[in-house]
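First up is the structure itself, then whatever we jot down about it.
The values are calculated or read from the model by the stated rules, or taken from the named source; none is laboratory data. As the structure is a prediction and not an experimental result, all values here were calculated from the model. Here the Cβ positions follow ideal geometry from the backbone for every residue, glycine too, while neighbour counts run over all protein chains shown. Note: accessible area is taken over every heavy atom of the protein model, side chains too, but ligands, DNA and RNA are not part of it. Shrake-Rupley method; radii C 1.70, N 1.55, O 1.52, S 1.80 Å.
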Amino acid sequence: MKEIKKVAAIQDLSGIGRCSLTVIIPVLSAMGVQVCPVPTAVLSAHTGYGEFVMRDLTDFMTPALEHYKKLNVKFDCVYSGFLASSEQIDHCLEFFKSFPDALKVVDPVMGDGGKAYATYTKELCERMSELVAVADIITPNLTEAAILLGEEYPEEPMSTVLVKDWLVRLSRKGAKIVVITSITLEGEKVATVGYDSTSESFWELENVLVPAQYSGTGDMFASVLIGGLLKDDELPVAMNRAVNFTEHTVRITYEHNRPWTDGLMFEGELSQLTSQQKLCDYKPI
Ligand code: PXL
């Protein structure tokens with residue numbers, strides 16, 4: 001029987017407003033990957049609601065890791081995302097160190113639209129670079145890329161030359177592969193761009209413009225990307241899969257005129273993720 005790949009997902013569980021584990025578990029499961037959640041916090045609703053109750057689970061992480069080591073669990077991927085305290089950076093580093101053969105994915109969740117999320121302190125943002133340093137793959141959005149590089153959030157469309165410079169500078173912080181989502185490029189384009197430092201290749205996937213943004217979009221993108229890479233997709237193929245599915249669910253949500261806090265209406269669309277078809281709408285830049 002084919003082995004099912006296992007991902008340790010170090011992420012929060014938010015009851016309302018699809019994001020983090022409530023996106024990652026169904027999406028990766030539909031792609032045939034087992035998600036083993038390591039909850040960083042439990043929230044009544046994600047932070048975008050402004051009002052929410054949250055239980056920080058920092059003290060759960062080390063005992064959980066010790067248990068997995070005792071069970072001799074082998075994870076194929078360790079994937080970190082929303083963190084509740086700067087101390088959790090140390091626990092994530094321990095997870096990455098404990099499973100050296102796993103694909104290490106860091107979604108440096110810190111903010112969006114040029115602003116940091118409500119619970120993200122300056123210290124937590126500063127320490128995120130320690131995780132980026134040990135990652136194989138990082139998936140920042142433009143806000144997070146700017147924070148990691150110590151740059152201002154670009155209010156103007158970016159040139160391809162500048163985007164490539166950001167990708168290379170980010171990869172020099174440690175990760176072999178860097179994928180940045182939601183970049184506004186010159187020529188009224190929004191794109192997802194990727195860089196593989198081993199082959200020194202750059203990829204761009206143009207996104208269809210939808211005049212709305214929804215919570216959990218980054219989690220959706222990263223989950224589909226990971227699912228593809230664990231099925232041995234090449235980077236541009238996995239990016240293509242992730243862009244297409246994310247875009248499709250954004251469009252459906254927009255057509256239903258849902259508030260952005262609800263997240264993406266993906267539940268009826270999961271069957272699309274089971275397809276093995278490899279797409280090639282990407283282009284080198
Ligand atoms: O999708 C990022 C995210 C994850 N988890 C929580 C959040 C957010 C973004 O707002 O609040 C709790």
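With the cut-off at 1.5 for a/c, could you classify region 151-285 from its C-alpha gyration tensor as rounded, prolate or oblate? Walk me through the numbers on the way to the answer.
Numbers: a/c = 1.94, a/b = 1.24, b/c = 1.56.
Cα axes put region 151-285 in the oblate bin.
For the chain, the share of accessible area belonging to carbon and sulfur comes to 52 percent (1.4 Å probe, ligands and nucleic acids excluded).
Relative contact order for the chain: what is it in percent, counting Cα pairs under 8 Å that are at least 6 residues apart? Kindly include the intermediate steps, with their values, before the conclusion.
Values: 557 pairs, mean separation 48.0, N = 285.
Relative contact order comes out at 17 percent.
Taking all protein chains into account, the per residue accessible area for region 115-158 stands at 48 Å² (1.4 Å probe).
Placing a pseudo-label 7 Å from each Cα along the Cα-to-Cβ vector at GLU200 and LYS97 gives an inter-label distance of 3.4 nm. State which stretch of the chain is the longest one without any exposed GluC sites (Glu not before Pro), exposure meaning a DSSP loop state and at most 15 other Cβ atoms within 10 Å. For GluC sites (Glu not before Pro) (loop position, at most 15 other Cβ atoms within 10 Å), the longest site-free span of the chain is 52-150.
Taking only DSSP H segments of four or more residues, each worth -39500 (n - 2.57), what value at 222 nm results for the chain once the sum is divided by all its residues, to the nearest 500 deg cm²/dmol?
Working: 8 runs with 104 residues, N = 285.
Taken over the chain, the calculation gives -11500 deg cm²/dmol.
Assign one of three labels to the chain, namely rounded, prolate or oblate, based on the Cα gyration tensor with a ≥ b ≥ c the square roots of its eigenvalues; rounded applies when a/c is under 1.5, prolate when it is not and a/b is larger than b/c, and oblate otherwise. Note, shape of the chain comes out rounded. Spacing of the modelled spin labels on ILE4 and GLN272, each 7 Å from Cα toward Cβ, amounts to 2.4 nm. One Cα centroid belongs to region 243-258, the other to region 142-157; the line between them spans 25 Å.
Provide the FRET efficiency to the nearest 0.05 for the GLU155-ASN72 pair, computing r from the beta carbons and using R0 = 41 Å. Please list the in-between numbers first.
Details: r = 50 Å, r/R0 = 1.23.
Calculated transfer efficiency: 0.25.
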